[in-house]
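Below is one structure, written out as structure tokens, with a few remarks after it.
The values are calculated or read from the model by the stated rules, or taken from the named source; none is laboratory data. Since this is a predicted model, take the numbers as computed values, not measurements. FYI the Cβ positions are ideal-geometry reconstructions off the backbone, even for glycines, and counts take in every protein chain you see.
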Ligand SMILES: [Ca+2]
């Protein structure tokens, strides 16, 4: 019942978040030292938080930005960045003035700004302090006109900047917006928050998650990870235009998300669910009205089984060989040189590693963040994409919201997140842009095109003393504008194929779900049905492992589409291998989103 209550609670929270105007005031440390008052006022440069100023994000009421900014100045603060995407701005104000600012006319909310600041250059140049319309947007324009050195610091987690520095905006201007391309998101589901609630923006596929038996509707995201990724890939606020974007817009704003939920409200998912989901997408990619050309897997286990044996790698590789570009997160355990997460370790796939833009649109100062897994000499990442402090859609009341370590909330609609999950989502959006323009291109050709046109990044902060090398950043930072201009060739990958004949436990690694202290291990799926790796692999080669809603000999979902969504099935408790699995505290955090945990937040430099 815990699952049911959770999910219903989420729906209520979403409705509240949309309908209500919530005033958030989250500012740890308020009241410790108001000594900065009077020493820094409007227009003075080089203020630092060391003088008692607090960094905040101020959300203005619609049309009342200027009023809100005047309130900051009147209270002895200063404006540091515009945040057009959230209808707000960043500021620094004396601690004692926070409460008054929250009450000021035109101000909707004041929250602590956790964004890390680049350490180089910004204080000296003072260019971050420009108030009004010239700060972020002018730097962005500079980035658009050339990739030459620009010392201005911008919010490189803001998608309006991410889409600049990856070339997406140039692609939009050329008509490539992802239109007609479906991206399957195998994740924790999607919540219909603003930015993803447009007509035909999200198509609900089968819900294969542990939430399915009790959820009020299939595919809902109660965890918060899938919605965040969907926002990066294809989010779009109502009324926004790719010509003069304002409001929230993802990398491929006209692409559609096919929501295939496998992760439960707390992120729990077994490898057998992910394999079933990949198989479903492979088999149904071209159902009537569908054009699934991309799978986003912001997911990865620490399984180290050779990809040539691994059943998870096999499933993903077969999707690839059936014409779907599978973008897989490299993983977030970047502290040592180790294999990429499973299934990114399969060399056929497009493995997305992490890039830290270091606060500037110019890629020459970029580095690979310490947390980002980068692989080995034989299987490094293919490309990297922005992975630090990305700003995307929040699910109010989600599991992520409840984490004490989550310090990334911005206003009521948004959340920041760091990890190769985010990088994968960026790359998936970029791939959708390319496929709209080059629909006949094979996954191999798309991958080669992105690799060939990537911008080398020479700093691997995973090993700061070493010069840049492919081991850290692969071919470099993705540049879809260059890829679009170059066009695909006819490359074909010739790696040894996976047989998928290995074990589920080999794919699970340490990522097992458990209930009542009993882990799900061995050659069995979540229903306790035996899993024959070789037989399943043989069916996957023919894209025929599903029969209606039956997979691996058991009913997982309905048999077909109805009313624009895949018909759900409510499993009964007795369908489970043991009903004791339900309602217990799932201990697994297999999602690459496990970067929500402390160590990676701090590694990414949250202040
Ligand atoms: Ca940079």
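Condition test on residue 331, is it within 16 Å of the ligand (Cβ to nearest atom) and part of a loop (DSSP other than H, G, I, E, B)? In short, no. If you go through the stretch 307-333 and keep only what is at pLDDT 95 or above and out of contact with any strand residue (DSSP E or B) (no Cβ under 9 Å at 6 or more places or on another chain), you end up with 308, 309, 311, 314, 315, 318, 321, 322. Which of the residues belonging to the stretch 198-228 are under 17 Å from residue 269 (Cα atoms) and assigned to a helix (DSSP H, G or I)? Of everything in the stretch 198-228, those that are under 17 Å from residue 269 (Cα atoms) and assigned to a helix (DSSP H, G or I) turn out to be 225, 226, 227. Considering the conditions (1) in contact with a helix residue (DSSP H, G or I) (Cβ under 8 Å, 6 or more places away or on another chain); (2) within 16 Å of the ligand (Cβ to nearest atom), residue 450 is excluded by exactly one of them, (2).
One line per residue, one yes/no per condition, for (1) farther than 22 Å from residue 177 by Cα; (2) more than 21 Å from the chain's Cα centre (by Cα); (3) in contact (Cβ under 8 Å) with a residue 12 or more places away in the chain:
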site: 248; (1), (2), (3): no, no, yes
site: 254; (1), (2), (3): no, no, yes
site: 260; (1), (2), (3): yes, no, yes
site: 272; (1), (2), (3): yes, yes, yes
site: 278; (1), (2), (3): yes, no, yes
site: 282; (1), (2), (3): yes, yes, yes
site: 285; (1), (2), (3): no, yes, yes
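Listed by first and then second residue, the pairs with beta-carbon distance under 8 Å, at least 6 apart or on different chains, first residue in the stretch 357-376 and under 19 Å from residue 159 (Cα atoms) and assigned to a strand (DSSP E or B), second at pLDDT 90 or above and near the ligand (Cβ under 6 Å from one of its atoms), are 367/358. Filter the stretch 38-89 down to residues that are within 30 Å of residue 240 (Cα to Cα) and in a loop (DSSP other than H, G, I, E, B) and give me whichever is modelled with the highest pLDDT. Taking the candidates together, the pick is 64.
When each of 179, 244 is tested for being without any contact (Cβ under 8 Å) to a residue 24 or more places away in the chain and outside any helix (DSSP H, G or I), the lone residue that passes is 244. A single member of 344, 351 is within 18 Å of the chain's Cα centre (by Cα), part of a loop (DSSP other than H, G, I, E, B), away from the ligand (no atom under 16 Å from the Cβ) and within 22 Å of residue 432 (Cβ to Cβ), and it is 344. Only residues that are more than 11 Å from the ligand (Cβ to nearest atom) and surrounded by fewer than 24 Cβ atoms within 10 Å (Cβ to Cβ): list them for the stretch 354-388, please. Selection gives 370, 376, 377, 378, 379, 380.
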